[in-house]
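The structure appears right after this line, and notes come after that.
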Amino acid sequence: CPVAAKCRGFSIFNGGSRMGAKMDDKLDMKNLLSQSAWTRDDLDKVEKTHREPRDWVDRAAYYTVQALRGSFDIGSLYKVKNMTGGMRESDWVRRIIFLETVAGVPGMVAGMLRHLHSLRLMRRDYGWIHSLLAEAENERMHLLIALSLRQPGALFRAAVIGGQALFLSWYTLAYLVCPRYCHRFVGYLEEEAVHTYSKLLEDIDAGKLPLFENLQAPRMARVYYNLPEDAKLRDVFELIRADECAHRDTNHHFSDLRPDEPNTMVEHLRQGHFQNQNVFSGLVVDKVHEMQEQEGIELLRKGVSDSKKMGASQPTKAA
């Protein structure tokens, strides 16, 4: 791609190293728990939403996210670059890579802690773990897709290691103390992610990022999202934004539930996640059992009714 040659630092695998190309050609994602399948109608319905804080837990989660976002924007020079000509393609890729290394932590921590809680107390989880693990894997796939565009240097990797160590420790402790706060935190964090990818798409459509507009989608993204060969990088970013939208709504929903309530937000799972595993949420399993019990009762009633009819139809002998 002639446009790609103008941007130093980008290396799509099919145009990069031979080893990377060989590895990319052997992609097999049948073992994945999550593999999103968004329709054009789904993508058109994605919108930026905000849930207003309703109590002190919500406010604490919201202002924590705002503080982290503000600090990161200043430290990464995001605001400065937007005020002085905008972000370049390389700036966007660096930002996405770092944010996705953080975004993959909450789902795995929450899923692991709920898994251990279920084992320890010998109780069902009612479908939370499935959604949380799907979220973690989906965010990791976003990271791997971004890494197929650029390989960060040693300083960047050191920052990721330090950031993960701090965030993992803090989030694990916070989830043990107040899961509702953590899910609300992730809900607000995903609101910011939707804003970020929306701004990226706006810049692409405005012609500010010609490389992203013309570059072919990485093979990993095409396989993961089941895209055609001629799919562009913009299509990938639009699909990632839809994923973030689903995580936003799911975590806000989790925060509204008690920890022992069934997960009722499973529509996004039916649409794409767990398409390789026949997984039901706790609520769906309960509904299946309820339907089976109801069918059994109806059959029993029918059997009793038929026996009465048969008894009534037989002639009675005179005494």
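For this structure, a couple of remarks:
- Of the set (1) in contact with a Lys or Arg (Cβ under 7 Å, 6 or more places away or on another chain); (2) crowded, with 22+ Cβ neighbours inside 10 Å, all apply to SER198 but (2).
- Test: residue in region 149-172 that is farther than 23 Å from GLY75 by Cα and either free of Cβ contacts under 8 Å to residues at least 12 places away in the same chain or not in a helix (DSSP H, G or I) (or both): no
- Which listed residue, of ILE240, ILE204, is modelled with pLDDT of 90 or more, surrounded by 20 or more Cβ atoms within 10 Å (Cβ to Cβ), under 19 Å from the mean Cα position of the chain (by Cα) and assigned to a helix (DSSP H, G or I): ILE240
- Considering region 247-274, and only residues there that are more than 18 Å from LYS45 (Cβ to Cβ) and surrounded by fewer than 18 Cβ atoms within 10 Å (Cβ to Cβ), the residue that is modelled with the lowest pLDDT turns out to be THR264.
- Filtering region 199-240 to residues that are over 24 Å from LYS81 (Cβ atoms) and among the aliphatic types (A, V, I, L, M) leaves ALA217, MET220, ALA221, VAL223, LEU227, ALA231, LEU239.
- Of the helices (runs of 4 or more DSSP H) lying entirely inside region 53-145, those containing at least 3 residues that are within 30 Å of PHE212 (Cα to Cα) and aliphatic (A, V, I, L, M) span 56-75, 89-121.
- Of all residues in region 48-94, those satisfying the criterion of being touching a Pro at 6+ places or on another chain (Cβ under 9 Å), modelled with pLDDT of 95 or more and more than 19 Å from GLU244 (Cβ to Cβ) are ARG59, ALA60, TYR63.
- For region 221-233, residues that are of a type outside the set (Phe, Trp, Tyr), out of contact with any strand residue (DSSP E or B) (no Cβ under 8 Å at 6 or more places or on another chain) and buried (at least 21 other Cβ atoms within 10 Å of the Cβ) total 1.
The values are calculated or read from the model by the stated rules, or taken from the named source; none is laboratory data. Quick caveat, the model's predicted, so the values are computed rather than measured. Counting neighbours? That spans all protein chains shown, and the Cβs are built from the backbone with ideal geometry, glycine included.
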